[in-house]
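Visitor: Below: one structure in structure tokens.
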Amino acid sequence: METIIVQETDSDVLDILTYVLHNGGYTVYPMLSCDEDFLDIIEQTKPHVVMLDFKLKGQESMRVLREIKERYPHLPVIAASCNSNINEEYDKAGFDDYIPKPFDLEVLYETLRKHIPKSKLD
């Protein structure tokens, strides 16, 4: 079973997303924040994909993305955002892809299926 870490700052959205992904056959590790344990959790769970809320406080999502990519360059990190202008931003930032909010389940599953085969946690 594929494993996904989902970081989302809205607890209601996180609960729904966790439920939907579990029902889709994924093992999900939901997280409300990206505290200092975040990279340790990646190391312990060895996820196939990380979904990261694109608009964490300030530049927090960029810092977390940079740390993930430095340590795990082959781990796909997908931005989730309600910002319609994210098309240009996510690529420049170094995300592998993005999923728009509100979530379209077909797009969500398709994006995950596209990136899971690429994951290689070193």
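Visitor: Output the residues belonging to region 25-76 that are among the hydroxyl-bearing types (Ser, Thr, Tyr) and under 14 Å from Val6 (Cα atoms). Explain how you work it out, then say what you get.
Guide: At the first step, the residues of region 25-76 found to be among the hydroxyl-bearing types (Ser, Thr, Tyr) are 26-27, 29, 33, 45, 61, 72.
Tyr26, Thr27, Tyr29, Ser33, Thr45, Ser61, listed by residue number.
Visitor: Can I ask one more? Being assigned to a loop (DSSP other than H, G, I, E, B) and free of Cβ contacts under 8 Å to residues at least 12 places away in the same chain: is that true of Asp12 here? Before the answer, list the steps.
Guide: On the way: assigned to a loop (DSSP other than H, G, I, E, B): no; free of Cβ contacts under 8 Å to residues at least 12 places away in the same chain: yes.
Against the criterion (assigned to a loop (DSSP other than H, G, I, E, B) and free of Cβ contacts under 8 Å to residues at least 12 places away in the same chain), Asp12 does not qualify.
Visitor: Any residue at all in region 25-34 that is in contact (Cβ under 8 Å) with a residue 60 or more places away in the chain, surrounded by 18 or more Cβ atoms within 10 Å (Cβ to Cβ) and not aliphatic (A, V, I, L, M)? Write out each step before concluding.
Guide: First pass over region 25-34, keeping only residues in contact (Cβ under 8 Å) with a residue 60 or more places away in the chain: 26.
In the following step, the residues that additionally are surrounded by 18 or more Cβ atoms within 10 Å (Cβ to Cβ) were identified as 26.
From the residues that got through so far, the ones that are not aliphatic (A, V, I, L, M) too are 26.
Within region 25-34, one or more residues are in contact (Cβ under 8 Å) with a residue 60 or more places away in the chain, surrounded by 18 or more Cβ atoms within 10 Å (Cβ to Cβ) and not aliphatic (A, V, I, L, M).
Visitor: Now for a separate question. Among the residues of region 57-70, is there at least one that is hydroxyl-bearing (Ser, Thr, Tyr) and buried (at least 21 other Cβ atoms within 10 Å of the Cβ)? Please lay out each step first, then the result.
Guide: The initial filter retains those residues of region 57-70 that are hydroxyl-bearing (Ser, Thr, Tyr), namely 61.
Among the residues that remain, those that are also buried (at least 21 other Cβ atoms within 10 Å of the Cβ) are: 61.
Yes, because at least one residue in region 57-70 is hydroxyl-bearing (Ser, Thr, Tyr) and buried (at least 21 other Cβ atoms within 10 Å of the Cβ).
Visitor: Where in region 42-122 are there helices (runs of 4 or more DSSP H), lying fully within it, with 1 or more residues that are among the acidic types (Asp, Glu) and at pLDDT 85 or above? Outline the logic, then answer.
Guide: Details: elements: 60-71, 86-93, 105-115.
Filter on region 42-122 gives 60-71, 105-115.
Visitor: Of everything in region 21-41, what is assigned to a helix (DSSP H, G or I) and in contact with a strand residue (DSSP E or B) (Cβ under 9 Å, 6 or more places away or on another chain)? Give them in sequence order. Reasoning before the result, please.
Guide: Step one: of region 21-41, the residues assigned to a helix (DSSP H, G or I) are 21-23, 38-41.
Residues satisfying the conditions are Leu21, His22, Phe38, Ile41.
The values are calculated or read from the model by the stated rules, or taken from the named source; none is laboratory data. For clarity, every value in this text was computed on a predicted model and none was experimentally measured. Backbone-built Cβ (ideal geometry, glycine too); neighbour counts: all protein chains shown.
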